[in-house]
Amino acid sequence: MIWNPLKLDDRAPLNQHTLFWWPILFFIGIGLYLSSPIWCFCIPSAENYEAIMSFLKLPIFVASISVPVSLLISKFHSSKLAAKSNALTEKNIAFNHYFDLKRHFKEHINTELTTSDNYKSIEIVDIEKLFEAIFPHNSWDQTDLTPSIAALAIKFVEWIESIEKNLMCINIDGKVGTSQYDEVSRKLALAALNGAFKMTPLQFNQQFVSIAWADSESPLIHAIELLYDITMISGQFSKLPLAELAARLSEEKHTSTHQLFSKKSNAIDNFECMFSVLIKDYDDGLKQQA
């Protein structure tokens, strides 16, 4: 029972509201009180009917006020229930749309990735990060599919800036022999790369070595290029203007990469020395096959 006489709770039935009952009791009570002078436990004579009906006009009018007041309260309660129902319907639609959209997004990424990543070197370990970067304001209870190049560029820069901070500072003792160094490098080089990219949606497998072998640039630069590619693929799904997006991301990639490699970093130097062992192994394997 809702005892507050001024409150309408859409979780409770109308008949459990004091607000619904008080006008009925109040106006009917006044009507009964006004009619009390003619109360009698008898059958009036026929000549008194007209006088009695004339006297009851005011009590009946006062008692009848309870009807429109109760109907008005009922309308207010119904409108609150309708608003609640509409809100729940919208949330259900948003909920279903959210997961449908995410499923289509994942299919799009996997399809495009199959085309662009010829070496099959990328593993999307966190589709959520990509999805949230494209639709930062969308959620399961509210649909907002407004993409933003600026927001996506900011997220892209955050990913690049996290690389050096998360790159394991592995310093193999210089006194160890070459074979020992190579053995440690084979175990840790790829793990160090994935550790550096753990804040991004991407991780890299052994096939990535073939990409790094194909060019003399840093493996980190190749990894950033792949991160750029997957970000562009995500932007394509959201119907962002690709020319504008490519220009913005290319600018951010150039600036962030330049800042990353323009300063002395022991972590990056040690990582590249370790990764060069994997590249040499790959090169030796190609020579043996030839």
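Over 29 Å from Phe237 (Cβ atoms), in contact (Cβ under 8 Å) with a residue 12 or more places away in the chain and among the aliphatic types (A, V, I, L, M) - does that describe any residue in the stretch 93-102?
The answer is no, given that none of the residues of the stretch 93-102 is over 29 Å from Phe237 (Cβ atoms), in contact (Cβ under 8 Å) with a residue 12 or more places away in the chain and among the aliphatic types (A, V, I, L, M).
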Give the residue, chosen from Leu101, Leu130, Leu145, that is farther than 27 Å from Gln259 by Cα, surrounded by 15 or more Cβ atoms within 10 Å (Cβ to Cβ) and under 18 Å from the mean Cα position of the chain (by Cα). Leu101
Residue hits (the stretch 229-288; out of contact with any Phe, Trp or Tyr (no Cβ under 8 Å at 6 or more places or on another chain), among the acidic types (Asp, Glu) and farther than 30 Å from Arg103 by Cα) are Glu251, Asp269, Glu272, Asp281, Asp284
In the stretch 41-66, which residue that is closer than 20 Å to Leu19 by Cα and touching a Pro at 6+ places or on another chain (Cβ under 9 Å) is modelled with the lowest pLDDT? Ser66
Quick one: in the stretch 221-232, which of the residues that are buried (at least 18 other Cβ atoms within 10 Å of the Cβ) and touching a residue at least 24 places away in the same chain (Cβ under 8 Å) is farthest from Ile134 (Cα to Cα)? Ala223
Taking the stretch 207-261 and keeping residues among the aromatic types (Phe, Trp, Tyr) and out of contact with any Ser or Thr (no Cβ under 9 Å at 6 or more places or on another chain) leaves Trp213, Phe237
Which members of the stretch 180-203 meet the condition of being over 12 Å from Ile163 (Cα atoms), aliphatic (A, V, I, L, M) and in contact with a Ser or Thr (Cβ under 9 Å, 6 or more places away or on another chain)? Ala189
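Residues being modelled with pLDDT of 85 or more and surrounded by 14 or more Cβ atoms within 10 Å (Cβ to Cβ): count how many of those fall in the stretch 114-124.
4
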Single residue of the stretch 111-139 satisfying the filter (touching a strand residue (DSSP E or B) at 6+ places or on another chain (Cβ under 8 Å) and of a type outside the set (Val, Ile, Thr)) that is nearest to Asn205 (Cα to Cα): Ser121
Pairs with Cβ under 6 Å, 6+ apart, first in the stretch 199-220 and touching a residue at least 12 places away in the same chain (Cβ under 8 Å), second in a loop (DSSP other than H, G, I, E, B) and surrounded by fewer than 19 Cβ atoms within 10 Å (Cβ to Cβ): Pro201/Asp126; Gln203/Val125; Gln207/Tyr119; Gln207/Lys120; Ser210/Tyr119; Ile211/Tyr119
Any chance you could count how many residues in the stretch 234-251 are crowded, with 19+ Cβ neighbours inside 10 Å and part of a helix (DSSP H, G or I)? 5
So, first residue without any contact (Cβ under 8 Å) to a residue 60 or more places away in the chain in the stretch 12-27, second residue among the basic types (Lys, Arg), Cβ within less than 7 Å, six or more apart or across chains; the pairs are Leu19/Lys7
Please go through the stretch 261-275 and pick out each residue that is part of a helix (DSSP H, G or I) and in contact (Cβ under 8 Å) with a residue 12 or more places away in the chain. Phe261, Asn266, Ala267, Ile268, Asn270, Phe271, Glu272, Cys273, Met274, Phe275
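The values are calculated or read from the model by the stated rules, or taken from the named source; none is laboratory data. All of these numbers come straight from a predicted model, not from anything done at the bench. Cβ sites come from the backbone with ideal geometry, for glycine too, and all protein chains shown count toward neighbours.
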